[in-house]
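Engineer: To start, I am sharing the structure in question, which I have written as structure tokens.
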Amino acid sequence: MALPRIFSCSLRLHPMKETLRYLAGVAGPSGFGSNSTAEQVTEDCSCLLSSHITAIITGATSGIGAETARVLAKRGVRLVIPARDLKRAAEVKEMIQKETPQAEIILLEIDLSSFASIKRFCSEFLSLGLPLNILINNAGKFSQNLEFSEEKIEMTFATNYLGHFLLTEMLLEKMIQTAAQTGIEGRIVNVSSVIHSWVKTDGFSFNHMLNPKNYNGTRSYAQSKLANILHAKEVARRLKVRNARVTINAVHPGVVKTGIIRDHKGFITDSLFFLASKLLKSTSQGAATTCYVALSPRTNGVSGKYFADCNESSCSVLAKDESEARKLWKQTCALIHRRLCQSTS
Ligand SMILES: NC(=O)c1ccc[n+]([C@@H]2O[C@H](COP(=O)([O-])OP(=O)(O)OC[C@H]3O[C@@H](n4cnc5c(N)ncnc54)[C@H](OP(=O)(O)O)[C@@H]3O)[C@@H](O)[C@H]2O)c1
């Protein structure tokens, strides 16, 4: 079962001393810790108000993404919210503008599990002629049962990893161009999870992830989150080679009771959340690491890293494996190229 593993995984990765630090919210080298909220970590970022920063945040219709959007808007960032449910996105927009009436928020449709929908979103966004400074790849799915996307790819992997990979590819030149024209560093944040560390090398086969045998929802979710980190590492390496002023990092937001577990509601889940409530973050604490990495002047020039509790942190050995990152990048490009060619022929 997924949830007990999420909690035990959090504990395993936090040995006793670190668990106490986590529970006490002791600040790390950044000056922030597990208790810090998205508002606190961006307090010194209001200077952005005059810079006309534009950010795309996926999955901003609920949970951590909606809180990230609220705080970025409060700091003066123009938001583009791609959503599959535009009604829900309009409610989030209204909620944000109630607090920040001058917030500029553009809503566009996207389904991250569909390559065609991602292409449509990107061409609509690019036709607006806006700059793009920040891309937050936050949307996430945790599918308990085996489901397939339009392209007949396992749904969790398609949404969490492949969709964000294609989105990033299609927007990267725009971000590099914006950074060069404005002199403001572009930033990409991949929202991953500590759960990535369960995946071992023999459990990370590209073809099996596309079409798993003996489906296990937790395994697929963990694989997609590992892929999010490897993606950040490889794109960071490529951006460095190009000398581009765009960074990309991965974050673990912490464990937050959000819609991501909506398939898992019930007495056992609720009881577990109750028992583990000391380990849970509030949504605003859950959005803090993303907001810190996306906005803080303290993360200037930092790229290809993994953050948790608003500090640079250590990811698994496999997530640090550069050859694995390169291999995954090549396999993904080949797959996307094949599927996009098929759809136009
Ligand atoms: N909550 C945690 O404890 C936790 C822990 C570690 C990592 N994370 C990560 O944090 C991120 C945010 O999760 P959350 O906890 O805030 O979950 P959430 O409340 O369920 O939010 C997920 C968001 O993703 C969107 N989404 C899902 N499938 C999509 C698709 N095919 N196309 C477009 N949007 C899609 C959802 O939109 P709809 O409104 O259309 O469903 C929703 O806005 C995820 O990447 C998750 O893996 C969460």
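Engineer: Of everything in the stretch 165-210, what is among the small types (G, A, S), buried (at least 22 other Cβ atoms within 10 Å of the Cβ) and within 15 Å of the ligand (Cβ to nearest atom)? Give them in sequence order.
Structural biologist: Looking only at the stretch 165-210, we keep the residues that are among the small types (G, A, S), and these are 179-180, 183, 186, 192-193, 197, 203, 205.
Imposing the further condition that a residue be buried (at least 22 other Cβ atoms within 10 Å of the Cβ) reduces the set to 186, 192-193.
Across the stretch 165-210, the qualifying residues are S192, S193.
For (1) closer than 18 Å to V317 by Cα; (2) in contact with a strand residue (DSSP E or B) (Cβ under 6 Å, 6 or more places away or on another chain); (3) assigned to a helix (DSSP H, G or I), each residue gets a yes or a no:
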{"site": "D202", "(1), (2), (3)": "yes, no, yes"}
{"site": "T218", "(1), (2), (3)": "no, no, yes"}
{"site": "K240", "(1), (2), (3)": "no, no, yes"}
{"site": "N243", "(1), (2), (3)": "no, no, no"}
{"site": "I260", "(1), (2), (3)": "no, no, yes"}
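Engineer: Do any residues in the stretch 315-333 that are under 15 Å from E169 (Cα atoms) have Cβ atoms under 7 Å from those of residues that are among the aliphatic types (A, V, I, L, M), where the two are at least six apart or on different chains, and which pairs are they?
Structural biologist: Listed by first residue and then by second, the contacts come to L328/A227; L328/L230; T332/L162.
Engineer: Would a scan of the stretch 65-80 turn up a residue that is buried (at least 20 other Cβ atoms within 10 Å of the Cβ), under 25 Å from L335 (Cβ atoms), hydrophobic (A, V, I, L, M, F, W, C) and within 20 Å of the chain's Cα centre (by Cα)?
Structural biologist: no
Engineer: Sort through K98, K93 and tell me the only one that's more than 9 Å from the ligand (Cβ to nearest atom), of a type in the set (D, E, K, R), part of a helix (DSSP H, G or I) and buried (at least 20 other Cβ atoms within 10 Å of the Cβ).
Structural biologist: Numbers: K98 fails: buried (at least 20 other Cβ atoms within 10 Å of the Cβ).
After applying the criteria, what remains is K93.
Engineer: Right, next: Any chance you could count how many residues in the stretch 289-345 are in a helix (DSSP H, G or I), small (G, A, S) and modelled with pLDDT under 95?
Structural biologist: First, pick out the residues of the stretch 289-345 that are in a helix (DSSP H, G or I): 289-295, 297-299, 318-320, 322-344.
Filter once more, keeping what is small (G, A, S): 294, 319, 323, 325, 334, 343.
When the remaining residues are screened for being modelled with pLDDT under 95, the result is 343.
Within the stretch 289-345, residues that are in a helix (DSSP H, G or I), small (G, A, S) and modelled with pLDDT under 95 number 1.
Engineer: Is there any pair with a first residue in the stretch 137-154 that is closer than 15 Å to T258 by Cβ and a second that is hydroxyl-bearing (S, T, Y) and part of a loop (DSSP other than H, G, I, E, B) whose Cβ atoms are under 7 Å apart and which are 6 or more apart or on different chains, and what are they?
Structural biologist: N138/T58; A139/T58
Engineer: Kindly list, by first and then second residue, each pair from a residue in the stretch 224-243 that is closer than 21 Å to W198 by Cβ and hydrophobic (A, V, I, L, M, F, W, C) to a residue that is away from the ligand (no atom under 16 Å from the Cβ) and in a loop (DSSP other than H, G, I, E, B), limited to pairs with Cβ atoms under 7 Å and residues at least 6 apart or on different chains.
Structural biologist: Pairs that qualify, where the first residue is closer than 21 Å to W198 by Cβ and hydrophobic (A, V, I, L, M, F, W, C) and the partner is away from the ligand (no atom under 16 Å from the Cβ) and in a loop (DSSP other than H, G, I, E, B), are L226/F204; A232/G304.
Engineer: Would you check if S197 is touching a Phe, Trp or Tyr at 6+ places or on another chain (Cβ under 6 Å) and hydroxyl-bearing (S, T, Y)? Before the answer, list the steps.
Structural biologist: Working: touching a Phe, Trp or Tyr at 6+ places or on another chain (Cβ under 6 Å): no; hydroxyl-bearing (S, T, Y): yes.
Criteria not met by S197.
Engineer: Please verify whether the stretch 1-23 includes one or more residues that are modelled with pLDDT of 60 or more and small (G, A, S).
Structural biologist: no
Residue by residue, here is whether (1) at negative phi; (2) more than 15 Å from the ligand (Cβ to nearest atom); (3) outside any helix (DSSP H, G or I) holds:
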position: L107; (1), (2), (3): yes, no, yes
position: S117; (1), (2), (3): yes, no, no
position: F125; (1), (2), (3): yes, no, no
position: P131; (1), (2), (3): yes, yes, yes
position: L135; (1), (2), (3): yes, no, yes
position: K141; (1), (2), (3): yes, no, yes
position: L146; (1), (2), (3): yes, yes, yes
position: E150; (1), (2), (3): yes, no, yes
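The values are calculated or read from the model by the stated rules, or taken from the named source; none is laboratory data. Since the structure is predicted, the reported quantities are computational estimates derived from the model, not experimental observations. Neighbour counts run over all protein chains shown; Cβ positions are idealised from the backbone, glycine included.
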